[in-house]
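The values are calculated or read from the model by the stated rules, or taken from the named source; none is laboratory data. Bear in mind that the values here come from a model prediction, so they are computed numbers and not experimental data. Here the Cβ positions follow ideal geometry from the backbone for every residue, glycine too, while neighbour counts run over all protein chains shown. Note: accessible area is taken over every heavy atom of the protein model, side chains too, but ligands, DNA and RNA are not part of it. Shrake-Rupley method; radii C 1.70, N 1.55, O 1.52, S 1.80 Å.
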Amino acid sequence: MADIIDGRAVARKLDEETAAEVRAMVEAGLPRPGLAVVLVGNDPASEVYVGRKIKGCESTGILSVEHRLPEETTQDSLLTLIARLNADPSVHGILVQVPLPKHIDTGVVLRAIAPSKDVDGFHPVNVGRLSTGTGGIVPCTPLGVTKLLDTVFDDLTGLDVVVIGKSNIVGKPIAMLLLEREATVTVTHIETKDLPGLCCKADIIIAAAGAPRLVKGDWVKEGAVIIDVGITRIKGEDGKTKLVGDVAFEEVQHARAVTPVPGGVGPMTISCLLANTVQAAKEQLSGKSSDGFQIDWDDLPDRSMIFSQSED
Ligand code: NAD
């Protein structure tokens, strides 16, 4: 039987460490780390995610400020809010929940967040820093994946890893993180020829395709480790909605270890967001921010500065 990697337990431990760091900051007379969460519209899944993030802040002692904006919010007014949050010294992390309504250009909005406050790690500055191994804020789900692998391996050097999926928020950053750890990484996608053949040789398979039960038992070599990032909502035989991953879980029991869905990667994502917020706060307070962002209430950017970052 494969070992089950318990993402909930690993996430709990990370939250305890984050809470301890927050306490230490407050005891040292530093401000409490602050996370601004921006939600535009009423997407039900987004409401759930935002609710969990706010709850995570409460339990770790991070100050959270929610900005709920109506569906018809214009891109300009969202950018104005982000500029205000960029300049607010009590806000150390800014999270804009995606998807945004269709009339808003998500790329423009995410690029308007100061890289030092970009706790999702999506800003091109943070992407570039990750790609060049020069620090920055690492996207939460990929960071969570590496923390789960660390519960199984002391060292990833020379291991063969197949990443299924090449998205900017999951597949590619995972590949970058594992290359930094000296693993040999093959990034695959929907057009990849012979995905089963590549998986068969892998020491580690990271499935992030959003394709339910894609990875079959005979794709997995004896003793491999499998991280299942995929989450798809399907209707079960009982008519109830359930979450399924990208791995045919019961077929891969000859693996060394596997993450379940739910209870694997999912819980790590929010815990890594909270940890990123504390990291961002510490860097800003020590003046080591990645973008050298000047926090000064008297120095609010004017509109031309805000919109110089827009592509339109
Ligand atoms: P995406 O749709 O942006 O990218 C999917 C990638 O998988 C693409 O590169 C595509 O080419 C590849 N792919 C799709 N079907 C494939 C197949 N049959 N064979 C090989 N490759 C295939 O998705 P994403 O945002 O990267 O998310 C991927 C999955 O991870 C989704 O199920 C998503 O819900 C889940 N996810 C989970 C968390 C979490 O916290 N656990 C966070 C983010 C995403």
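Measuring nothing but how far apart in sequence close Cα pairs (under 8 Å, 6+ apart) lie, relative to its length, the stretch 140-266 scores a relative contact order of 22 percent. For the chain, the Cys residues with no second cysteine's beta carbon closer than 4.7 Å are Cys57, Cys199, Cys200. Each label point was placed 7 Å from the Cα along the Cα-to-Cβ direction; for Arg84 and Ala45 their separation is 3.0 nm.
Under 14 Å of direct C-alpha separation, and excluding same-chain neighbours fewer than eight residues apart, Lys201 reaches these aspartates and glutamates: Asp160, Asp218, Glu222. For Glu16 and Lys235, a Förster radius of 41 Å and the Cβ-Cβ distance give a FRET efficiency of 0.65, rounded to the nearest 0.05. Our helix-only sum for the chain, with -39,500 (n - 2.57) per DSSP H run of n ≥ 4 divided by its residues, gives a mean residue ellipticity at 222 nm of -11500 deg cm²/dmol.
Ordering His92, His254, His103 by accessible area with a probe of 1.4 Å, largest first, what comes out? All intermediate terms of the calculation are to be shown ahead of the outcome.
Details: His92 0, His254 55, His103 100 Å².
Order by accessible area, largest first: His103, His254, His92.
Taken per residue, the accessible surface of the stretch 140-266 reaches 47 Å², heavy atoms only and a 1.4 Å probe. What the phi angles of the stretch 184-189 give under the Karplus curve with 6.51, -1.76 and 1.60, with θ = phi - 60°, is a coupling list of 9, 10, 10, 9, 10, 7 Hz, glycine and proline written as x.
How much of the accessible area of the chain, in percent, comes from carbon and sulfur atoms when a 1.4 Å probe is used? Roughly 53 percent of what the probe reaches on the chain is carbon or sulfur. Residue order by solvent-accessible surface for Asp150, Asp218, Asp15 is Asp218, Asp150, Asp15, largest first, with ligands and nucleic acids left out and a 1.4 Å probe.
Under a 1.4 angstrom probe, counting protein chains only, how are Ser90, Ser59 ranked by accessible area, largest first?
Ser59, Ser90
Along the stretch 247-259 the Karplus relation, 6.51 cos²θ - 1.76 cosθ + 1.60 evaluated at θ = phi - 60°, assigns HN-Hα couplings of 10, 6, 3, 6, 8, 10, 6, 7, 6, 6, 7, 8, 8 Hz to successive residues, with x for each Gly and Pro. A simple charge model with +1 on the Cβ of Lys and Arg, -1 on the Cβ of Asp and Glu and nothing else charged puts the dipole of the stretch 140-266 at about 460 debye relative to its Cα centre. 3J(HN,Hα) along the stretch 88-96, derived from phi through the Karplus expression 6.51 cos²θ - 1.76 cosθ + 1.60 where θ = phi - 60°, amounts to 8, x, 8, 9, 9, x, 10, 10, 9 Hz, with x in place of Gly and Pro.
Using a simple spin-label model with pseudo-atoms 7 Å out from Cα toward Cβ, Arg32 and Cys200 lie 5.6 nm apart.
The mean sequence separation of alpha-carbon pairs under 8 Å and at least six residues apart, normalised by the residue count of the stretch 72-218, gives a relative contact order of 17 percent. Put a dot 7 Å past the Cα of Lys242, heading toward its Cβ, do the same for Phe153, and the two dots end up 3.1 nm apart.
Relative contact order, whole percent, for the stretch 1-78 stands at 34, derived from Cα pairs under 8 Å and 6 or more residues apart. Using equal-weight Cα scatterers in the Debye expression, the normalised intensity of the stretch 140-266 in log10 at q = 0.13, 0.14 Å⁻¹ is -0.46, -0.54.
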